[in-house]
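Step one of this worksheet: look at the structure below.
The values are calculated or read from the model by the stated rules, or taken from the named source; none is laboratory data. Quick caveat, the model's predicted, so the values are computed rather than measured. Reconstructed Cβ throughout: ideal geometry from the backbone, glycine too, with neighbour counts over all protein chains shown.
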Amino acid sequence: MSATEREHVMPPRPLMPWTMAICAGLCASCGLVLNMAADLLLGEQPAPVTLLIAIPVAAAACIVLARSCMRLVRWRRWLYAAALGLVAGAVVSAAWAIGALHASRALDNRAASSLDFYVQGDPSINDGVYSYACDAYAGEKRLGQVRLSCDRELGAGSHVRAIGRVSRFENDAYGRSRVLRGEFRKIKVIRLVSVDEGSPRPLLWLRNELLAVIAPATDPARSLVAGVVCGRSSELRAQPAGDWFSVTGTAHLIAVSGSHLAIVGFMIESALQKTRLSRGLQRGLLVLALAAYAVFTGSSPSAVRACCMVAASLVANDAGRRRHGLSALFVTMAIFVLLRPTVLFEMGFQLSCASVFAILCFCPYATYALGELGVPSGVASILSVTLCSQLATLPVTIPAFGTFSLIAPIANAVIAPVISVLLASSVVLVPCSFVPLLRHGALVVPMIVARCALFFEQLFAAVPGASVSVSPNTPLVYVVPFALVVLLVWWPRPCARSMAVVLLCLMLAAGVPYVYWDRCAPPSVTVLDVGQADAILVRQGGAVALVDCGLDERVVSALVRNNVHHIDAVFVTHWDEDHWGGLPDVLDQFSVGTIAVAADALDGAPAEVLNRPGVTYRQVAYGDTVYIGTFRARVMWPFDTVDGEGNEDSLCLLLSYAQEGKSLRVLLTGDAELDQECEFVQEVGDIDVLKLGHHGSKVSVDGDLLGILQPELSIASAGEGNRYGHPSDACIDAVRDAGGAFVCTIEQGDITVSPSVKGFAMRCQRP
């Protein structure tokens, strides 16, 4: 059979190994035990301990079924394997949990100055703050792993002594993820007492020297070279260029994974084949070299996983057994979880395993299906890898990032070969920088290739609609894995006509809601739940405006779950950080047309929000009117020009809607308080909804003000457990004494009011 004929042969259904059952049991029992341990470490009430009985019960049920049910005899090996995985996972995770609780208690009531910290790996960089995973020691005793933050770069392996604050992680998504990864406390460094970099191991020394030559902090292209060659992407992710890789769905090209090891392995194997060494010795040296490269690049889960799979495949081949990628994958996963149960909650491990599983299972099928649609074989092979990997990782990426890259297949097809050339050339040329005569010329070719890759990244990232925001609660998170399982069980023969129909249905299913919310959204005003901050969404049809932007990236999540895809205008009431802090994230994630502030307040705008390409800046004054679809927004305060620094400078807007017998009047007050509100309240008159000023502080309203406004509903935006005590009891009592209803984002989440014939309708949505 010719190669062309083989391309058009329907691929067989992949054979699932019984080791898959071991992994399933390991992951299930580890996930249960570790989550209960995390509850205790975060100071929360854990699930009932009796829930743990489910693990031995499930294991016993598997064994009983395997021994007694003749109908399941063909699944006997799977049932025994699942039972073994459940028990083994429970044992190793329980051992970790006990150690974690002991470590947590040992870190209680300890000053940072009494501890020694040893830096592990590269930092994450956010707004100039370096964050490290560190092993904490009291004398010679290791207490556990912590997260240390400071304002300077520290080398991996450094011994650090510092003065700082030791505290628990908050019980939020970030804190929980850190605890599940094995970090029990966070240390905020006030002053570094001493930093001893010591004598690093040879591979670490080599890596540090190469990074010093590359100088990743000085240029985006150098950052890319450092990420591809040395596995250090901290500097790249801290730059705007790092966002391009996220938008285009090509971030995996930077992370050291199987593709990197394949290129490096090919180069090493080609060199070894030119020697007279035996085949067995060549393979041994290849595995050692790949292991050394994995350690050199930081021992990321994806790199170590790929190295282990290569070793398993070579061992199987030398033993005369057929290579089976899925068996190697599940064996590697089982070893990882048994050695370090917390790896189960590392995103790199999840993404690596999910993508490799999908590629091994579905890539031949996808290539064949694309060939049936007339796609050339070479293009089909590249597209199938990207599509399989992207779809399989959706349950991980969407909850984590809230975005989906539409341009990823095309971007990967173009950029992946460039990154491969960059890696191959850099592996050969960058080490030449150690030769004095070649020091300045060693990076010339890698820098040219890196700039070429960044050019394509920027080009694809600038395409309108390259990436869309997706709610973490989207059915895609559940539908895609279910669809892949159905495909694996059914394994139908692809037909061009049926595939075209399915693709059309999928496009309609995805496109109709998008078009509805982007062009046909009903009129509404939503006070978003963004913690101790303000963010109010106003929309009607295709017009979308945002009044204030919260404190941080939580505003992006809030906009995504409310199906926002673009923003026409952002009104910043004043320059308190809890009103503008999330604006840079909004500008990064959404297309924003206009940023509007009070008259003369633009002079005090933070640098992060100025000079954004494609954004116009507008200053509005008292009496100005802005239309948001059919909503009429009138500026009620301030009367004069302001600098926008204080609460008294807050931009106050009266929103009015009247159409088709429906009406709604909403007053948005920013952080304005009684002294300011009394100046314009007579002009406002009767309203339906009041967004309470200054998060419902005790001086935000009183009986006289409420008597004039007569709001049927008053809304406070505040964060749970905030140190200000907002909303105040005095504010709540005043609202209720005036005969109005009171709601707060703390209890209700996102609060949406919509005009109706009989007044207005309210609905709430918890994040």
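Residues that are at pLDDT 90 or above, among the aliphatic types (A, V, I, L, M) and within 28 Å of the chain's Cα centre (by Cα): does segment 507-524 have at least one?
Our first condition is that a residue be at pLDDT 90 or above; within segment 507-524, this holds for 521-524.
Remaining after also requiring among the aliphatic types (A, V, I, L, M): 521.
Now drop any that are not within 28 Å of the chain's Cα centre (by Cα), which leaves 521.
Looking for residues that are at pLDDT 90 or above, among the aliphatic types (A, V, I, L, M) and within 28 Å of the chain's Cα centre (by Cα), one finds at least one in segment 507-524, hence yes.
Could you please find all residues in segment 495-546 being within 19 Å of Leu655 (Cβ to Cβ) and in contact with a His (Cβ under 8 Å, 6 or more places away or on another chain)?
Hits for segment 495-546 are Asp534, Val544.
Hey, can you tell me all the residues within segment 437-488 that are touching a strand residue (DSSP E or B) at 6+ places or on another chain (Cβ under 9 Å), among the polar types (S, T, N, Q) and more than 20 Å from Val396 (Cβ to Cβ)?
none
Of all residues in segment 500-536 being touching a residue at least 24 places away in the same chain (Cβ under 8 Å) and of a type in the set (Phe, Trp, Tyr), which is farthest from Leu692 (Cα to Cα)? Let's see the steps before the verdict.
First, pick out the residues of segment 500-536 that are touching a residue at least 24 places away in the same chain (Cβ under 8 Å): 500, 513-514, 517-518, 521-536.
Filter once more, keeping what is of a type in the set (Phe, Trp, Tyr): 514, 517.
On the way: Tyr514: 32, Trp517: 28 Å.
Among those residues, the one meeting the criterion is Tyr514.
Just the residues that are part of a helix (DSSP H, G or I) and among the hydroxyl-bearing types (Ser, Thr, Tyr), please, taken from segment 398-453. Reasoning before the result, please.
Our first condition is that a residue be part of a helix (DSSP H, G or I); within segment 398-453, this holds for 398-401, 408-434, 436-438, 444-453.
Within segment 398-453, Ser420, Ser425, Ser426, Ser433 meet the criteria.
Determine which member of the set Tyr137, Tyr174 is without any contact (Cβ under 8 Å) to a residue 24 or more places away in the chain, surrounded by 14 or more Cβ atoms within 10 Å (Cβ to Cβ) and more than 20 Å from Gly298 (Cα to Cα). Talk me through it step by step, then tell me what you get.
On the way: Tyr174 fails: surrounded by 14 or more Cβ atoms within 10 Å (Cβ to Cβ).
Only one candidate qualifies: Tyr137.
Restricting to segment 221-251, count the residues that are over 16 Å from the mean Cα position of the chain (by Cα) and outside any helix (DSSP H, G or I).
Qualifying residue count for the region: 3.
Quick one: which residue in Trp78, Trp96 is within 19 Å of Phe184 (Cα to Cα), in contact with a helix residue (DSSP H, G or I) (Cβ under 7 Å, 6 or more places away or on another chain) and part of a helix (DSSP H, G or I)? So that I can check it myself, show each step before the final result.
Working: Trp78 fails: within 19 Å of Phe184 (Cα to Cα).
It is Trp96.
When you go through Gly593, Gly623 one by one, which is the residue that is assigned to a strand (DSSP E or B), of a type outside the set (D, E, K, R) and either under 28 Å from Cys678 (Cα atoms) or in the same structural domain as Val689 (by TED's automatic domain parsing) (or both)? Spell out how you get there, then give the answer.
On the way: Gly623 fails: assigned to a strand (DSSP E or B).
Result of the check over Gly593, Gly623: Gly593.
Out of Leu65, Leu51, I need the residue that is at pLDDT below 90, surrounded by fewer than 19 Cβ atoms within 10 Å (Cβ to Cβ), within 33 Å of the chain's Cα centre (by Cα) and assigned to a helix (DSSP H, G or I). Which one? Even if it seems obvious, please write down each step before you answer.
Numbers: Leu65 fails: within 33 Å of the chain's Cα centre (by Cα).
Criteria check complete, one pass: Leu51.
If I filter segment 246-261 for residues that are surrounded by fewer than 20 Cβ atoms within 10 Å (Cβ to Cβ), among the β-branched types (Val, Ile, Thr) and in contact (Cβ under 8 Å) with a residue 12 or more places away in the chain, do I get at least one hit?
There is no residue in segment 246-261 that is surrounded by fewer than 20 Cβ atoms within 10 Å (Cβ to Cβ), among the β-branched types (Val, Ile, Thr) and in contact (Cβ under 8 Å) with a residue 12 or more places away in the chain.
Taking strands (runs of 3 or more DSSP E) that fall entirely within segment 681-744, which contain at least 2 residues that are farther than 22 Å from Leu651 by Cβ?
Working: elements: 689-691, 713-716, 741-744.
Once the strands (runs of 3 or more DSSP E) in segment 681-744 are filtered for at least 2 residues that are farther than 22 Å from Leu651 by Cβ, what remains is 741-744.
Does any residue of segment 86-105 turn out to be touching a residue at least 60 places away in the same chain (Cβ under 8 Å), of a type in the set (A, V, I, L, M), surrounded by 18 or more Cβ atoms within 10 Å (Cβ to Cβ) and more than 30 Å from Ile55 (Cβ to Cβ)?
For segment 86-105, residues touching a residue at least 60 places away in the same chain (Cβ under 8 Å), of a type in the set (A, V, I, L, M), surrounded by 18 or more Cβ atoms within 10 Å (Cβ to Cβ) and more than 30 Å from Ile55 (Cβ to Cβ): absent.
Among all residue pairs at least 6 apart or on different chains, which show Cβ distances below 6 Å where the first residue, located in segment 374-398, is within 18 Å of Pro417 (Cβ to Cβ) and assigned by TED's automatic domain parsing to the domain that holds Arg497 and the second is surrounded by fewer than 18 Cβ atoms within 10 Å (Cβ to Cβ) and modelled with pLDDT under 85?
So the pair list comes out as Ser377/Glu7.
Within the group Arg71, Arg76, Arg142, which residue is surrounded by fewer than 20 Cβ atoms within 10 Å (Cβ to Cβ) and touching a strand residue (DSSP E or B) at 6+ places or on another chain (Cβ under 9 Å)?
Arg142
Out of the residues in segment 177-196 that are surrounded by fewer than 19 Cβ atoms within 10 Å (Cβ to Cβ) and among the small types (Gly, Ala, Ser), state the one that is nearest to Leu107 (Cα to Cα).
That would be Ser177.
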